[in-house]
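Asks: My structure is below; once you've seen it, I'll send some questions.
The values are calculated or read from the model by the stated rules, or taken from the named source; none is laboratory data. Being a predicted model, the structure only gives us computed values, none of them experimental. Positions of Cβ are generated from backbone atoms using ideal geometry, with glycine treated the same way; all protein chains shown enter the neighbour counts.
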Amino acid sequence: MKAIAVTPGTPDSVHLNELPMPSLEAIPNGRGVLVRVLKVGVDATDREINGALYGNAPDGYDFLVIGHESFGIVEAVGDAVKHVKPGDYVSCTVRRPGGSIYDVIGHNDMTSEEVYYERGINLRHGYLTEYFVDDMEYVVRIPEMIKHLGVLAEPASVVAKAVEQAYEAQRRLLVWEPQTAFVMGSGQIGLLATMALRLKGLEVYTIARKPAVDNIKAEIADGYGGHYISTKEQSIEELVKEVGKPDIIFEATGSSWLAFDAMNHLGLNGALVWTSITGGDAESTIPSDKINLEWVLGNKLMLGSVNGNFRHFRQGIADMLQGELTYPGVTEKILTHPIDGLDNYQEMMDLLVEAKALKVYVNVSDG
Ligand code: BGC
Ligand code: ZN
């Protein structure tokens with residue numbers, strides 16, 4: 001089987017490699033699900049892994065198959081598998097458990113161990129190949145009605161977890177009825193967060209750099225009933241003067257400076273959720289006295305949120321389904337840049353490096 005891989009530690013090493021065809025029997029106790037890969041999404045994480053910023057090969061290999069955003073069709077299942085059957089559309093989670101209590105209770109996204117195992121990212125092969133097999137615990141069904149959005153199940157799970165975490169953490173307030181959200185960044189995570197927060201009834205301002213004219217991201221944010229704001233046209237300070245400070249800031253910019261800058265704009269009792277990561281070593285100056293004062297006097301909260309487990313995939317898929325009913329045809333506009341087959345891995349990586357495409361994904365097989 002063909003697979004798109006990198007050689008960890010070597011920058012720009014993306015190449016085509018080979019994996020053996022996986023077998024259902026590799027998963028014990030009849031719990032295996034064999035999936036034919038249909039589409040795989042790629043993102044900045046894949047670009048940074050190819051840049052050798054992070055990502056390690058599984059034991060016994062000198063390469064790592066990349067791709068963590070999976071969508072496929074079930075080919076075969078073991079005897080114990082009841083929640084999916086051959087012919088069902090599925091996605092598969094990314095994290096695999098270590099040994100901490102969180103891993104043991106199915107919350108491996110909350111592992112308290114330094115080393116984490118993630119398919120396509122660290123120590124486990126990913127999905128940019130032709131077939132994969134996994135334990136039923138990690139395989140999530142996608143309703144046929146949104147199979148055209150299936151490749152967004154993983155990013156939608158990341159959003160679902162981050163939103164859930166904010167609401168969970170805000171129970172500290174006993175009453176929290178957020179009205180306004182700023183979503184920082186209009187990549188796939190920012191746009192799916194715009195959708196998820198709109199579905200919760202919030203007024204959402206999706207803030208990014210590019211002007212709104214002829215901008216698919218603005219079209220999508222507005223399509224969800226949000227307000228796209230270009231910082232080239234209106235500063236965040238001006239926006240705050242107009243609409244007030246938000247109850248929640250969902251940060252998904254991929255810029256650590258902006259992640260910190262967001263601390264200047266959060267409302268009283270608000271929650272700032274960070275979801276993007278930056279593999280570099282940038283440093284920046286922040287008004288630390290001002291933030292310190294405002295954050296203590298305002299009981300403000302910041303939390304980081306990574307990955308998502310089976311439940312978050314289910315929630316993300318449910319959000320996309322409700323999104324499709326509420327804002328028909330909007331979410332599919334995220335899927336801007338298809339790549340035709342695994343052989344075109346270089347074109348895939350070039351698009352990621354240029355960083356101009358909203359969403360790059362590989363059509364691996366038809367179904
Ligand atoms: C993935 C997450 C993962 C994180 C850290 C993101 O791109 O979507 O599932 O946990 O990277 O590796
Ligand atoms: Zn991703």
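Asks: Determine, yes or no, whether HIS107 is in contact (Cβ under 8 Å) with a residue 12 or more places away in the chain, assigned by TED's automatic domain parsing to the domain that holds GLU137 and farther than 27 Å from GLU144 by Cβ.
Replies: yes
Asks: Same structure, new question: Is it the case that GLY41 is buried (at least 16 other Cβ atoms within 10 Å of the Cβ), at pLDDT 95 or above, at positive phi and in contact with a helix residue (DSSP H, G or I) (Cβ under 7 Å, 6 or more places away or on another chain)?
Replies: no
Asks: Look at GLY323 and say whether it is modelled with pLDDT of 95 or more and closer than 18 Å to GLY190 by Cα.
Replies: yes
Asks: Identify all residues within region 50-106 that are surrounded by fewer than 20 Cβ atoms within 10 Å (Cβ to Cβ), closer than 30 Å to PRO11 by Cβ and polar (S, T, N, Q); write none if there are none.
Replies: ASN56
Asks: Do you know which of the residues in region 278-329 that are surrounded by 15 or more Cβ atoms within 10 Å (Cβ to Cβ) and of a type in the set (Asp, Glu) is farthest from the chain's Cα centre (by Cα)?
Replies: Looking at the filtered set, the residue picked out is GLU294.
Asks: Here's a follow-up. Would you call ALA57 at positive phi, under 24 Å from the mean Cα position of the chain (by Cα) and within 16 Å of ligand 1 (Cβ to nearest atom)?
Replies: no
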